[in-house]
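Shown next, in structure tokens, is the structure this report addresses.
The values are calculated or read from the model by the stated rules, or taken from the named source; none is laboratory data. In this text the structure is predicted, and so the values were computed from the model without any measurement. Cβ coordinates were reconstructed from backbone atoms using ideal geometry, including for glycine residues, and neighbour counts include every protein chain displayed. SASA here: full protein model, heavy atoms, side chains in, ligands and nucleic acids out. Shrake-Rupley method; radii C 1.70, N 1.55, O 1.52, S 1.80 Å.
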Amino acid sequence: MKGEAGHMLHNEKSKQEGYIWGSMRRTAFILGSGLLSFVAFWNSVTWHLQRFWGASGYFWQAQWERLLTTFEGKEWILFFIGAIQVPCLFFWSFNGLLLVVDTTGKPNFISRYRIQVGKNEPVDPVKLRQSIRTVLFNQCMVSFPMVVFLYPFLKWWGDPCRRELPTFHWFLLELAIFTLIEEVLFYYSHRLLHHPTFYKKIHKKHHEWTAPIGVISLYAHPIEHVVSNMLPAIVGPLVMGSHLSSITMWFSLALIITTISHCGYHLPFLPSPEFHDYHHLKFNQCYGVLGVLDHLHGTDIMFKQTKAYERHVLLLGFTPLSESIPDSPKRMQ
């Protein structure tokens with residue numbers, strides 16, 4: 001009996017090992033196939049983009065060299081134009097269009113995509129003026145000095161105004177590293193600011209807007225603006241010793257993305273702002289930008305149980321998601 005029981009136990013153990021090994025092989029096959037497909041797709045896309053870049057690269061290189069000749073001996077002026085003025089121009093141009101909708105409710109084909117229906121219709125003008133003053137203060141008195149302070153470090157590490165423009169593939173690599181660094185620094189600094197010690201005195205200012213609008217993406221206490229807005233964006237170019245062209249593109253893109261995250265409208269063909277909009281609504285969920293660290297730390301569990309999570313997709317049509325995926329009706333008390 002003991003021998004038979006031992007034999008059965010051995011067989012059962014062998015079956016389990018075979019099952020585990022089979023699962024591992026299937027998993028490896030699926031992941032390997034997916035990885036190969038992704039690499040093939042990525043190589044195809046980058047090949048086409050590289051051809052476009054190669055065709056136009058000489059043009060951009062020639063324009064850059066003309067700028068260097070114009071600002072010869074005064075490259076710091078060129079740096080401040082590219083690192084400060086161009087991103088600010090993108091920020092205020094985009095927010096200027098959004099503010100027209102926020103203050104007038106028109107045109108309707110944009111206002112109909114409002115996430116928190118009934119909020120900011122129209123926006124409180126007194127609260128808006130106060131917020132714009134704070135944003136201008138942060139840009140002029142915090143962002144500008146920080147970028148001025150950044151220039152000598154970049155100059156020492158690798159001249160940002162060097163003659164040769166980065167290749168397309170190198171810029172893609174930089175963009176990936178910038179995004180990863182920003183995600184890590186923003187997530188943990190943001191969570192730290194939600195600690196009771198810091199929230200009341202610092203971060204509560206930003207959360208005065210439970211239904212955010214685009215321009216308040218930079219509406220924050222100066223300490224928060226340094227720690228949670230500027231540093232996550234600056235560290236990447238500093239680590240990589242980036243060219244001014246990469247810095248200009250990155251700063252401009254970062255400002256546009258944070259504006260979209262705060263704008264309050266889930267517009268067609270633009271990244272979904274549902275994730276960060278929910279953070280402003282509930283405060284204790286969705287601290288990051290990409291959502292990767294929120295998933296790992298479980299700080300998006302409540303969000304994943306909501307209709308907002310179902311709407312957190314790229315809108316590829318023109319029907320507002322608030323209509324196609326409406327909130328569940330409230331239960332009668």
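Listed values, structure above:
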item	result
Region 170-202, residues that are open to solvent by 40 Å² or more (accessible area, probe 1.4 Å) and outside any helix (DSSP H, G or I)	HIS195, LYS200, LYS201
THR167, sole failed condition from (1) polar (S, T, N, Q); (2) surrounded by fewer than 22 Cβ atoms within 10 Å (Cβ to Cβ); (3) within 30 Å of GLN130 (Cβ to Cβ)	(3)
Set TRP76, TRP60: member being surrounded by fewer than 13 Cβ atoms within 10 Å (Cβ to Cβ), in a helix (DSSP H, G or I) and aromatic (Phe, Trp, Tyr)	TRP60
Subset of region 144-157 (residues that are in contact (Cβ under 8 Å) with a residue 40 or more places away in the chain and open to solvent by 20 Å² or more (accessible area, probe 1.4 Å))	PHE144, MET146, VAL148, TYR151, PHE153, TRP157
Region 271-330, residues that are among the acidic types (Asp, Glu) and outside any loop (DSSP other than H, G, I, E, B)	GLU274, ASP277, ASP294, GLU310, GLU323
Qualifying residue in region 203-213 (condition: more than 20 Å from LYS282 (Cβ to Cβ) and either in contact (Cβ under 8 Å) with a residue 12 or more places away in the chain or assigned to a helix (DSSP H, G or I) (or both))	no
Those residues of region 220-270 which are under 17 Å from the mean Cα position of the chain (by Cα) and part of a loop (DSSP other than H, G, I, E, B), in sequence order	CYS263, GLY264, HIS266, LEU267, PHE269, LEU270
Residue in region 90-125 that is modelled with the lowest pLDDT, counting only those that are of a type outside the set (Ser, Thr, Tyr), open to solvent by 20 Å² or more (accessible area, probe 1.4 Å) and more than 16 Å from HIS266 (Cα to Cα)	PRO122
Candidates SER242, SER261 - the one that is within 22 Å of GLN130 (Cβ to Cβ) and of a type in the set (Ser, Thr, Tyr)	SER261
